[in-house]
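Contents: one structure, followed by commentary.
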Amino acid sequence: MRKLLRRLVDFALGLIPLPLYRRLFPRPAVGIFYHSVSDERLPHQVHTYPSESVARFEAALRYIHRHFNPVTYQQLEDHYERGAPLPPRAFHLSFDDGFAECFSVVRPLLLKYEIPCTFFVTTDWLDDARMFYRHKQSLAVEHYQQLAPPEQAAALAAINLEFGLDLRDGDGFADWAGTLTRAEDEHITCAAQLIGLDLDAYRASRDLYLTREQVKQMHAEGFTIGAHTRSHWKLAELSSAEQRAAEVLESAQAVAALTGEARVPFAFPYSGNGVERAELAALRQAHPQLGLIFDTQKLQPDASFIVQRIWAEQVTFREAGRTTNVPALLCDAYIQEAWRALRRFWTVGAGTRD
């Protein structure tokens, strides 16, 4: 009965038009973020999260251009820090990680539609200096799937022998590879060698991440460059405030050295869950070069210096028949806020009755 009621309420909330939602749950600005846009199958990404297709991304840009007022990072900072007004229906677009396609695919489209954007880069990855362990995982799974059956059998036998496993098929290999952690990066590299994957050759064959020169050019063209930690740590997993501060500040300093900007915004990898806002406020106060901080909790209210965003590379049933998923993403985000408001109402009501 409760599940049925929830579905009925969810259906009813989905009928509320976006303009009304904007009145019910006003926000200074709404924003979405991507990681990569490409029509090419990218082996180092495909088994972590998919790239957005060029057609769907361009449809999103057209929708944003038609229904919103895209704003720059500087406009956001002026509003959040100094109270400057934002235009109605303010919208901010951003990208995380700093993949090479941000320059080769995304940048030309943003210039075409004159839409500002903030690119948050993982600074240790610039110039392909280091490959992220999760991208090695994806590449290994993709490489295994391209092997002939006899080669797959030999690869599994070698991995089972090396690691004391009992993997029997490709699904088992993918599941095992996906469980390897950052601390087990050497295991991933070893597994790649056992299945005949040359990680160095792959990295030499193509651009994975942005180069420093590309970052400089994008900044010169008017885009904002932000920090995304040095090595893509989820900050809550680090054991001390000093470690978290180092990941944030050293990444921001590396960006500032490239752009010459006095202040650099920061975006959490994954999310900022588990990181105390008081700690972040103290960090910003001690280091004024750190700008606004961007999280991934859709439209959820937060500290005054936190900007929330909606993850765009996901599929929702509400987008059926549409060329872009942006309206559906916004609808889902507002529905989440509506549910939060309803839970508060029910909680207060229950307390009153008691």
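K112 sits among other residues whose Cβ lies under 11 Å from its own Cβ, and their net charge, with Lys and Arg +1 and Asp and Glu -1, is 0. Shown here for region 5-53: trypsin sites (Lys or Arg not before Pro) in loop regions (DSSP other than H, G, I, E, B) with at most 13 other Cβ atoms within 10 Å, namely R41. Pairs of C-alpha atoms in region 247-302 farther apart than 19 Å represent 28 percent of all such pairs. The C-alpha radius of gyration of region 1-139, expressed as a fraction of 2.2 N^0.38 Å, stands at 1.28.
Stretched out straight at 0.36 nm per residue, the stretch from D171 to L18 would grow longer than its current Cα-Cα span by 51.0 nm.
Applying 1/(1 + (r/R0)^6) with R0 = 22 Å to the Cβ-Cβ distance of R182 and Q289 gives a FRET efficiency near 0.20.
Counting every pair of alpha carbons in region 37-100, the share spaced more than 14 Å apart comes to 67 percent. Between L161, L42, L126, which gets the highest mean-square fluctuation from a Gaussian network model of the chain, Cα cutoff 10 Å? Among L161, L42, L126, the largest GNM mean-square fluctuation belongs to L161. Label-to-label distance for R82 and C190 is 5.6 nm, based on points extended 7 Å past Cα in the beta-carbon direction. Solvent-accessible area of the chain (1.4 angstrom probe, protein heavy atoms only): carbon and sulfur portion equals 54 percent. Residues in region 30-40 carry Karplus couplings, in order, of 10, x, 10, 9, 10, 10, 8, 10, 6, 8, 7 Hz; the curve used is 6.51 cos²θ - 1.76 cosθ + 1.60 with θ = phi - 60°, and Gly or Pro positions show x. Computed from the C-alpha gyration tensor, the three semi-axes of the ellipsoid equivalent to region 91-162 are 37, 14, 9 Å, from longest to shortest.
The residue list A252, G291, V307 was ranked by how far each Cα lies along the charge dipole of the chain toward its positive end, using unit charges on Cβ atoms, and V307 comes out on top. At q = 0.14, 0.23 Å⁻¹ the log10 of I(q)/I(0) for region 147-269 amounts to -0.81, -1.24, computed by Debye summation with a single uniform scatterer per C-alpha, solvent ignored.
Computed over the alpha-carbon atoms, region 1-45 gives an Rg to Rh ratio of 1.23, Rh here being the Kirkwood radius from the mean inverse distance.
Under 5 Å from the amide H of C117 lie the amide H atoms of T224, each residue being 5 or more positions distant or on a separate chain, with H modelled from the backbone and absent for Pro and chain starts. For the chain, take the longest principal axis of its alpha carbons; what is the angle in degrees between that and the long axis of helix 326-353, to the nearest 10 within 0 to 90? Taking the Cα atoms of the chain, the angle to 326-353 is about 60 degrees.
Only Cα pairs under 8 Å and 6+ residues apart enter the sum, and on that basis the relative contact order of the chain stands at 20 percent. How tilted is helix 54-67 with respect to the longest principal axis of the chain? Cα atoms for both, answer in degrees (0 to 90, nearest 10). Rounded to the nearest ten degrees, it is 10.
Report the Rg/Rh value for region 273-314, based on alpha-carbon coordinates and the Kirkwood definition of Rh. Rounded to two decimals, Rg/Rh equals 1.02. Across the chain, the convex hull enclosing all Cα atoms gives 189 Å³ per residue. A simple rule links phi to the HN-Hα coupling: the Karplus curve 6.51 cos²θ - 1.76 cosθ + 1.60 with θ = phi - 60°, which for region 108-114 gives x, 5, 5, 5, 4, 9, 6 Hz, with x for Gly and Pro. The GluC sites (Glu not before Pro) of region 8-115 that meet both conditions, a loop assignment by DSSP and at most 15 other Cβ atoms within 10 Å of the site Cβ, are E40, E114.
Short-range pairs are left out: with C-alpha atoms under 8 Å and at least six residues apart, the relative contact order of region 1-145 is 29 percent. In percent, rounded to a whole number, the relative contact order of region 129-201 is 44, using alpha-carbon pairs under 8 Å and six or more apart. Derived scalar couplings between HN and Hα for region 157-163 equal 4, 5, 5, 4, 5, 5, 10 Hz in order, rounded to whole Hz, by the Karplus curve 6.51 cos²θ - 1.76 cosθ + 1.60 (θ = phi - 60°), x for Gly and Pro. Normalised by residue count, region 153-196 yields a Cα convex hull volume of 62 Å³ per residue. Amide H contacts of R309 (H built 1.01 Å from N, in plane; Pro and chain starts excluded): D295, T296, Q297, K298 sit under 5 Å, all sequence-distant by 5 or more or on other chains. Maximal additional length on extending the L238-A157 stretch stands at 25.6 nm, based on 0.36 nm per residue less the C-alpha distance. The alpha-carbon positions of region 192-326 define a convex hull whose volume is 195 Å³ per residue.
In the full protein context, region 225-346 carries 42 Å² of accessible surface per residue, based on a 1.4 Å probe and ignoring ligands, DNA and RNA. Put a plus charge on the Cβ of each Lys and Arg, a minus charge on the Cβ of each Asp and Glu, and nothing anywhere else: the dipole of the chain about its Cα centre is then about 2060 debye.
The values are calculated or read from the model by the stated rules, or taken from the named source; none is laboratory data. As the structure is a prediction and not an experimental result, all values here were calculated from the model. Here the Cβ is made from the backbone with ideal geometry for all residues, glycine too, and neighbour counts use every protein chain on show. Each accessible area value is taken on the protein alone, full model and side chains, heavy atoms only, with ligands, DNA and RNA left out. Shrake-Rupley method; radii C 1.70, N 1.55, O 1.52, S 1.80 Å.
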